[in-house]
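Below is a structure I'd like to ask you about.
Only the coordinates and a few stated rules stand behind these numbers; no lab work does. Everything numeric in this text was worked out from a predicted model, so none of it was measured. Positions of Cβ are backbone-derived with ideal geometry, glycine not excepted, and every protein chain shown enters the neighbour counts.
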């Protein structure tokens, strides 16, 4: 065994000496001649050793005595195989020992011996080495075996090198059927290296992986020109793509990496070796030949990159699980390597990888491929696009001064050399970073290298042409490391220099791969400069592989996002496009990107629309130039159009996006308030979670974002109220959200008191603007009154010190109403009406914090003022019932504080009932204004008087009195004067809020029921009115009453069901809502009317009934479809919104009822056009 080890060491020295100089073979090499001559003996020895090697049973805990001998046989066989392979790689003058080369012994063995040595090596790699690695007690033996196998692999590598670069080298056909498989198997074994491996094995496995990788890459082109060997090696490399561990191992050097092998395999076809400088008269022909060779190299590299990408993607297609972490890591490392000059083939591989991923992602439905695979391929394209866009953005920020500085650093790192050195280096490495380029009609497409000072530019005097954007990676490496594969300027005519022509066979361009590890004369700064300059030059050339890869990734995402048949894949493409735009916002300047996003917002799939909304939301909104800001403004407008999307997910995302832009203040303050009003209008029928979130944002914008003082907040509330669709209810929601947020704040010591203080400041600012007398009230003051009413309903404590100002508004110069027809209400009454409404909200809170004596004094004074407003002889001019209703509400609140107020209410109630009874019985003429006022008094008393049971004798008497009043109002609506019926219908709606049971027809016909037409019949009669002066007014007021009742029942059901306080009230409200749903047919007919007020009120009522779940979709859908197509144009958006709500709940009904709706729309259009023809009833 010792003799074999000594001979093996001697063979290695002889081999290395032969490559340095053929005459340098020592006399000791003559002792190896007998090894070459004893080929038959060596063959029999290999056979005998292979039959006496380790078996699985030899590695048990109780090892047999023969196991040690078998281990020695394995070791001896590996040493002998290395010896044979080293002798085969020796640079010999001739294999037949001719006289021309006499004096140098021939030590190369025969091909049969080489074949047996490789066969024994394969046996060790296939069986023995895995057994030793699996055996925990054989770590030392496994490490020794790995070391010997590594030595043998290096010898095979040198053997192929000698075959390529030495014309008289040994033909290696005997290695063809084993070498590639051997290298692949060793790479797979070395990939098992992990942190859990024993320390003694780690170094050995790492060396084995490096040697096997070098050998496999050598077979792919670095040291092998045989096409069959290259094809076999490439097939084995493709199989390694299925190894998960090989995919996990990256370019950091921790074990064999498939990505590193693939990049070296692609680069193998691009690296020229021993390329001489073109000189003399035949220089043009030589350049043309070099150009043809370059084209062949590039075509081979592109084909090889495409095949490797296909092998990687086959893993994605064939995998059974859903974890693609390893594949994602491979793609990200590949993209990261594109900016690294150590891996010049990375951009080409990235381009082909993206193309392969696009084929998987864009596969048609006819291909048997899971949707998850297509989605994962799209996601990987997005990851690559995002990383490439980030690199592009970084490289585009590189200035000329930075490039000059980097070039200066590289020149300093390069050793002093003349023009000849630069030319030699550039000619040697002219193809290392070759790209396909337009040669301008010339035959030569090579990049002309710079030499000396002939080419001005940033890289003047280096091996990279200053005028070319394509960077020669290998040349930059030479500059950074100070090494040159070419001949030096001062080469001496020695034995060593004579061998320089063959020296590159033991080198490869990957040997200079460490830019930042302190190579010969390199520094960390030089390495970083090389990387930065390399990236800048690649990105500057729009035709480089790197730019094409980025473009291909973005085009793939655009194509998939707009045209893929699967919604999940389109969604993933749009989400990935968002990541790319976030990495490089300059993409938004492209109209293609904006159109793709806008198309995604109109996609038929909700998931794709959701991804598009999220894409626009994620984009930054500042600092990208005028063009990008314009594109973003367009996209934000398109997203706001999704606020009425049929999908709740998309609506929620659109609301979230609109709120974020509103809170960030991306637009002018006036436009922000306009958008806030738009959000308030659209929030009316949204889900509670969406409403809560949006209202919280609006409250922060109005109270904190746009204003800091009470006056500013008041102005913001005024501007918000002025927006179309906001209304008092929406304003109250914003105020309530702000109060809740402040009450829950933990940053303030006493949050409720602070909230009240803020609202009191707003109230005081409003009182400072409003006049003290009603006659001085102007139109722009009405908004302030509405704000005060909403603040009073939400935060009554804010008016604690303002009661005197409110009472001052109650002093009205009463003027008796004319006995004729009632005119419209006077604007001067708005001030006392507002005061009464606010007092109704404020008095309960004020009474809790005031002494008894003060309460009685204040109540007495207040009752006197209210009584003056209710006197029959001093009715204020223009009061048709609004003021009377406000006074009744205030008196009802005052009853617990001052009981005489209740008695006064009962008196007015009885008087009004008596007057209405006279109207029904037609005892005498009564002015219309008086009828309206008393009808509103009756309806308001029934609605607001909670303590009527004590004032009207017994509980049964109270209920009977109220029901009788409701029926009396119903009779007035049917038999009273026509001019007063619209106002009486409204009063009937007030009363029905307290007595909803009367909406049921069986309640009127049952035992003890009064019989006759009831309130439901009154509403039906009003909804059926034809268009005209009287009919239009009555129908509009009836539709308003219908909508008010539906909204009231919805509010009662939601409030009581949430707190579970009064389930009887919930049940009663639900039953009353079902009775209102019986008017569905009449309400649907209004949707085709030309009166916008009636149509909008009808839709409002239907939305409330839809929330209560009492609308019948099957009978409603045809009418809604018809109304949305041929109804009132001003109400069409609201009609479509209700239609989408019903379709969202029951999608199949749309298919069933669409035909009926289209026929109804056609009939309606025919009526509108005055056509006498009939519409066919064909389906």
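Once fully extended, how much extra length lies between residue 235 and residue 848, figured as 0.36 nm per residue of separation less the alpha-carbon to alpha-carbon distance?
So the chain would gain 211.7 nm between residue 235 and residue 848.
For the residue pair residue 959 and residue 1055, what label-to-label distance in nm results when each label sits 7 Å from Cα along the Cα-to-beta-carbon direction?
2.2 nm
So what is the diffusion coefficient of region 1112-1179 in µm² per second by Stokes-Einstein at 4 °C and 1.567 mPa s, using a Kirkwood Rh over Cα pairs? Numbers along the way, then the final one.
Details: Rh = 12.3 Å.
For these conditions, the coefficient is 105 µm²/s.
Something else now. Take the Cβ-Cβ distance between residue 69 and residue 200 as r, set R0 to 30 Å, and report the resulting FRET efficiency rounded to the nearest 0.05.
On the way: r = 23 Å, r/R0 = 0.75.
With a Förster radius of 30 Å, E is 0.85.
Calculated FRET efficiency, residue 744 and residue 228, Cβ-Cβ r, R0 56 Å, to nearest 0.05?
That gives a FRET efficiency of 0.10.
Multiply the residue separation of residue 40 and residue 1130 by 0.36 nm, subtract the distance between their alpha-carbon atoms, and state the gained length in nm to one decimal.
Length gained between residue 40 and residue 1130: 382.1 nm.
How do 1084, 904 rank when sorted from fewest to most other Cβ atoms within 10 Å of their own Cβ?
In order of increasing Cβ crowding within 10 Å: 904, 1084.
Going by average Cβ density within 10 Å per residue, which order do the peptides 1087-1094, 630-637 take, highest to lowest?
Values: 1087-1094: 19.2, 630-637: 17.2.
Result, highest mean Cβ count within 10 Å first: 1087-1094, 630-637.
Here's another thing I want to ask about it. Work out how much length residue 525 to residue 778 would gain on full extension: take 0.36 nm times their residue separation and subtract the Cα-Cα distance, in nm to one decimal.
Details: separation 253, 0.36 × 253 = 91.08 nm, distance 7.62 nm.
Extra length available between residue 525 and residue 778 comes to 83.5 nm.
Continuing with the same structure: Nearest 0.05, what FRET efficiency do residue 978 and residue 860 give at R0 = 41 Å with Cβ-Cβ as r?
On the way: r = 43 Å, r/R0 = 1.05.
Once the sixth-power term is evaluated, E becomes 0.45.
Based on the inverse mean of 1/r over its pairs of different Cα atoms, what is the Kirkwood hydrodynamic radius of region 543-630, in Å?
Hydrodynamic radius (Kirkwood, Cα pairs) of region 543-630 is 13.1 Å.
Give the dimensionless ratio obtained when the Cα radius of gyration of region 724-786 is divided by 2.2 N^0.38 Å. It would help to have the intermediate numbers written out before the result.
Values: Rg = 14.7 Å, N = 63, 2.2 N^0.38 = 10.6 Å.
Expressed relative to 2.2 N^0.38 Å, the Cα Rg reads 1.38.
If I model a spin label at residue 393 and residue 590 as a point 7 Å from the Cα along the Cα→Cβ vector, what separation in nanometres do I get?
1.5 nm
Among 258, 767, 655, 234, rank each residue by its count of other Cβ atoms within 10 Å, from fewest to most, as a rough exposure measure.
767, 234, 655, 258
Among 154, 528, which comes first, second and so on when ranked by fewest other beta-carbon atoms within 10 Å?
So the ranking, lowest neighbour count to highest, is 528, 154.
Is any residue of region 1012-1053 close enough, with backbone N under 15 Å, to a label point placed 7 angstrom from the Cα of residue 1112 along the Cα-Cβ axis, and if so, which?
Label zone hits: none.
Just need the relative contact order of region 1107-1174 here, percent rounded to a whole number, with Cα pairs under 8 Å and 6+ apart. Write out the running numbers ahead of the final one.
On the way: 56 pairs, mean separation 28.3, N = 68.
Relative CO of region 1107-1174 lands at 42 percent.
From the convex hull of the Cα coordinates of region 607-791, what is the mean projected area in square nanometres?
Approximately 12.1 nm², given one-decimal rounding.
Moving on. Only residues of region 572-616 count here: report those whose backbone N is under 14 Å from the spot 7 Å along Cα→Cβ of residue 1144, or say none.
What the label zone holds, given the 14 Å backbone N cut-off, is 606-607, 610.
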